[in-house]
1. Write out, first by first residue and then by second, each pair whose Cβ atoms fall under 8 Å of each other, whose residues are 6+ apart or on separate chains, and whose first residue, in region 108-123, is at negative phi while the second is basic (Lys, Arg) and open to solvent by less than 50 Å² (accessible area, probe 1.4 Å).
2. Give me the strands (runs of 3 or more DSSP E) completely within region 13-95, filtered to those with at least 3 residues that are open to solvent by 40 Å² or more (accessible area, probe 1.4 Å), ordered by residue number.
3. State whether the residues of region 112-121 include one that is out of contact with any strand residue (DSSP E or B) (no Cβ under 7 Å at 6 or more places or on another chain), modelled with pLDDT under 95 and not in a loop (DSSP other than H, G, I, E, B).
4. In this structure, does Ser85 turn out to be in contact with a Ser or Thr (Cβ under 8 Å, 6 or more places away or on another chain) and not aliphatic (A, V, I, L, M)?
Amino acid sequence: QVQLVESGGGLVQAGGSLRLSCAASGRTFRSSPMAWFRQAPGKEREFVAAISWSGGRTDYADVVKGRFTISRDNAKNTVYLQMNSLKPEDTAVYYCAARASSSYGAYASSRDYTYWGQGTQITVSS
């Protein structure tokens, strides 16, 4: 079982940067792939980025590739999302998620993640 607590959200101007943190607790954290998803008002939840249990593999949605970086520090039980060159279309509630196993398959599928954070609002003004 994993519990996730997010921080770092807020309001930022277009072109600016934010860093999200997701602190995890629970015995399965070190072997769990983790990911970030986001959901804008009236839209479906969409994949943003994922990272394997070791941090050796990362994957990104095309719309954030080159601007966002996902990383993890297992010693601190924390996963991060560094967001640079933010755009108004990045405005959404961002969710941290973790799987119940070490499998990295279907990394972009929200249905394959068992544990979720409460979500944190990111608003990018033009």
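1. Filtered contacts from region 108-123: Asp112/Arg99; Tyr113/Arg99; Thr114/Arg99; Tyr115/Arg99; Ile122/Arg38.
2. 18-25, 68-73
3. The answer is yes, given that some residue of region 112-121 is out of contact with any strand residue (DSSP E or B) (no Cβ under 7 Å at 6 or more places or on another chain), modelled with pLDDT under 95 and not in a loop (DSSP other than H, G, I, E, B).
4. It is true that Ser85 is in contact with a Ser or Thr (Cβ under 8 Å, 6 or more places away or on another chain) and not aliphatic (A, V, I, L, M).
The values are calculated or read from the model by the stated rules, or taken from the named source; none is laboratory data. The structure displayed is predicted, hence computed values, not measured ones. Note that each Cβ is placed from the backbone with ideal geometry, even for glycine, and that neighbours are counted across all protein chains shown. Ligands, DNA and RNA are excluded from the accessible area calculation, which covers all protein heavy atoms including side chains. Shrake-Rupley method; radii C 1.70, N 1.55, O 1.52, S 1.80 Å.
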